[in-house]
1. Between beta-carbons, use under 11 Å as the cut-off and find the net charge around residue 210, counting Lys and Arg +1, Asp and Glu -1.
2. Quick one: which of 110/201; 103/244; 175/250; 175/244; 45/158 span more than 31 angstrom between C-alpha atoms?
3. Tell me whether the range 1-62 comes out rounded, prolate or oblate; compute the Cα gyration tensor, take square roots of the eigenvalues as a ≥ b ≥ c, and use a/c under 1.5 as the rounded threshold.
4. Quick check: residue separation of residue 214 and residue 190 times 0.36 nm, minus the Cα distance between them. What number comes out in nm?
5. Quick check: residue separation of residue 44 and residue 122 times 0.36 nm, minus the Cα distance between them. What number comes out in nm?
6. I'd like the antiparallel share, as a percent to the nearest 5, of DSSP beta bridges with both residues in the chain.
7. Can you compute the helix-only [θ] at 222 nm over the chain? Use -39500 (n - 2.57) per DSSP H run of at least 4 residues, normalise by all residues, nearest 500 deg cm²/dmol.
8. Report the full-extension gain for the segment residue 104 to residue 53: residue separation times 0.36 nm, less the Cα-Cα distance, to one decimal in nm.
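Quick note: the coordinates plus some simple rules give every number you see, no bench work behind them. Predicted model, so just to flag it, every value in this text is computed and none were measured. Glycine gets a Cβ as well: all are built from the backbone with ideal geometry, and neighbour counts include every protein chain shown.
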Amino acid sequence: MGTRIGLIAGSGGFPLEALEEATRLGYACVVAGLRGEAVPDLEAKAETFAWFELGKIQKLVSFFQKQDVRDVVMIGKVDPRAIYTEPGLDDSAGLLLAQVRDKSPTSLLKALIEFLEGQGISVKDPSFLLQAYFYPEGVLTGGSPAPDVLGDIDFGWKIAKTIADLDLGQTVVIKDRAVAAVEGMEGTDETIKRGGRLAGKGIVVVKVGRSAQDMRIDVPAAGIETLRNLVRVKAAALCIEAGKVPLFQKDEVIALAKANGIAVIVKK
């Protein structure tokens, strides 16, 4: 049995990829899957697994303490609309929600990290599980993108970095050097769909990290579902930031992008 590590798993492909990488590195993985978010495949691959409802924080703490887990990583997405519903908060979650200065995802996750660490559970940066998914600067799909695409990327890059540092979102949709959509709580996929509806064929999507990105709180990733949405809206390109935005399912992403004439670019 290797060193024990806890994974708090939300939605998307990252939790499964992270679990497999942690197992490969020799960790014994204790996984808490958020019901309605995490994929069922995690259950069979974890050493120990349990489902949890969002808002049952004390139950989550008790699970990790019982499994003698002192270090955890938070991986995957959680639908932020949950903060505007009644998720059946336990006393700890209700107190945490009442004390945060605002209900932005960043503030809530920072408060959760502080609470967990107050219970003897340290929340770690998951970057050690991500190294295989960061790519150097370049055009992953090969060739040279059209000048207008490169121009839209340069235009969108500054805007994306600005909104990221304002904690608004980390994705912008650009066409002809105009902003078609800026990411809010809805996430990257919905932002792409909205930008595509507004601007039509040929949009460019730029996704970046914050200048001071805390990977414990948020990993701004892209993957095959991102590309599927780009295909649906007939996008021209996806640009992600080197060293801050991991790309999952690279081979599938590149194959789908090439088949649909979409450039995938890594920029720093």
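1. Charge balance in the 11 Å sphere: -3.
2. Numbers: 110/201 38 Å; 103/244 24 Å; 175/250 25 Å; 175/244 24 Å; 45/158 41 Å.
Violating the 31 Å limit, Cα to Cα: 110/201; 45/158.
3. Values: a/c = 2.28, a/b = 1.36, b/c = 1.68.
Note, shape of the range 1-62 comes out oblate.
4. Details: separation 24, 0.36 × 24 = 8.64 nm, distance 2.32 nm.
Stretched fully, the residue 214-residue 190 segment lengthens by 6.3 nm.
5. Details: separation 78, 0.36 × 78 = 28.08 nm, distance 2.51 nm.
Separation in residues times 0.36 nm, less the Cα-Cα distance, equals 25.6 nm.
6. Values: 11 of 38 bridges.
So the antiparallel bridges in the chain amount to around 30 percent.
7. On the way: 9 runs with 99 residues, N = 268.
Value at 222 nm, helices only: -11000 deg cm²/dmol.
8. Numbers: separation 51, 0.36 × 51 = 18.36 nm, distance 1.98 nm.
Here the segment from residue 104 to residue 53 would lengthen by 16.4 nm.
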